[in-house]
Amino acid sequence: MRTSPLIPDGASAPVDAPVQLPPPPLRLPRPAALFLDMDGVLAPLAETPDAVLPRPERTAALRAVAERLEGRVAIISGRTIAEIDRIAEASAASASGVHGLERRRADGSLDHAEAAPEVRGAIEAFEEFARTRPGVIVEDKTVSAGLHYRGAQAEGGAAMALAERLASETGLTLQAGNLVVELKTPGTSKGTALTAFMDEAPFAGAVPIMLGDDLTDEDGFIAAGSHGGFGVLVGPARETAARYLLPDVDAVLAWLNAVEEGE
C-alpha cells in the first residue's frame, strides 16, 4: 500500500485508489444520509470566497433531496454556517462550518467551539503576509484564519511555509485546501462533524454518504466508511478514501436530482 500526503494527520491511509472510480449509485440504501461539502461540490470554485453566489438550481435540488430523504441532508464545509446559509439560501437545516468548529442540528440548536487565543496572532501574521502580495486574501472566521492564494498562485509555497511555521509555534491545526491554507482551533474535522450528526436524529441509523473534493474531505470519507457508508470524490481522480467519483459540480447537482432510496 502506498502512503500518501493526501491523508489527514491521525487518519488511516486508504488502500490504493483504482485507476478509474465508478459513479455513485442512483439508488441508495434505505435509510440514507447525505453529507455535502460546499466549494467544489455544491458550488464551483471562485477567485474569492464571496464570489460564490446562490443558484436557484442548487437550492431547488437541495430542498428536493432533503424532502426525499426525510431531512437526512447536511452541508459540511470549511465555510462558516452564515456563509453556507447565504450560498445555499438556508436550504439545509443541518450544517457544519469551519471544519466542524460550528454545527447546527436539525432542530436549529447550535454548537460553537471557543476560539483558541492563538488564532488572532495567526490572522495578524497572515494579514502582514498579504499586505505586500496582491491577490492573496485573508479570511477571518474567528475560530480559524484562512490564507487564500488562488489569485496569486506563485505565492503558494511561501504561504504554506508561513502556515507550517505558525502551526509549529502555536499548536493550531494546519488545514490545507484547494489554493488555501487554514490555521484552525484544534479538535474537530469534517469527520468529527459527520460522526456527531450520525449520533442524532434524523441521521442516527442511516447509511452516510459524504461528497467532497479536496484533502479536507478525506476525514469525512473515512468517517462515512466507518459508519457503513462511503465517500464520493468530486473532480479529477486521485488517491482517496472515497469509493465513487463525480466529475464536477454540475454532475453533483444532476445526481442529487436523480438519487433516491431503494426499497
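Which condition number in (1) modelled with pLDDT of 95 or more; (2) out of contact with any Pro (no Cβ under 8 Å at 6 or more places or on another chain); (3) surrounded by fewer than 18 Cβ atoms within 10 Å (Cβ to Cβ) is the one that His112 fails? Only one criterion is unmet by His112, namely (1).
For Ala115, are the conditions met, namely being out of contact with any Phe, Trp or Tyr (no Cβ under 7 Å at 6 or more places or on another chain), small (Gly, Ala, Ser) and within 30 Å of Ala92 (Cα to Cα)?
yes
Scanning the stretch 215-238 for residues that are assigned to a loop (DSSP other than H, G, I, E, B) and either over 22 Å from Pro23 (Cβ atoms) or open to solvent by 30 Å² or more (accessible area, probe 1.4 Å) (or both) turns up His227, Gly228, Pro236, Ala237, Arg238. Residues in the stretch 173-200 that are within 20 Å of Ser226 (Cβ to Cβ) and in a loop (DSSP other than H, G, I, E, B): Gly187, Thr188, Ser189, Asp199, Glu200.
Whether any residue in the stretch 83-97 is open to solvent by 10 Å² or more (accessible area, probe 1.4 Å), outside any strand (DSSP E or B) and free of Cβ contacts under 8 Å to residues at least 24 places away in the same chain is what I want to check. For the stretch 83-97, residues open to solvent by 10 Å² or more (accessible area, probe 1.4 Å), outside any strand (DSSP E or B) and free of Cβ contacts under 8 Å to residues at least 24 places away in the same chain: present.
Counting only residues that are open to solvent by 20 Å² or more (accessible area, probe 1.4 Å) and over 15 Å from the mean Cα position of the chain (by Cα), which one in the stretch 171-195 is farthest from Thr80 (Cα to Cα)? It comes out as Gly171.
The values are calculated or read from the model by the stated rules, or taken from the named source; none is laboratory data. The structure presented is a predicted model; accordingly, all values stated were derived computationally and were not measured. Cβ coordinates were reconstructed from backbone atoms using ideal geometry, including for glycine residues, and neighbour counts include every protein chain displayed. Keep in mind that these areas ignore ligands, DNA and RNA; they rest on the heavy atoms of the full protein, side chains included. Shrake-Rupley method; radii C 1.70, N 1.55, O 1.52, S 1.80 Å.
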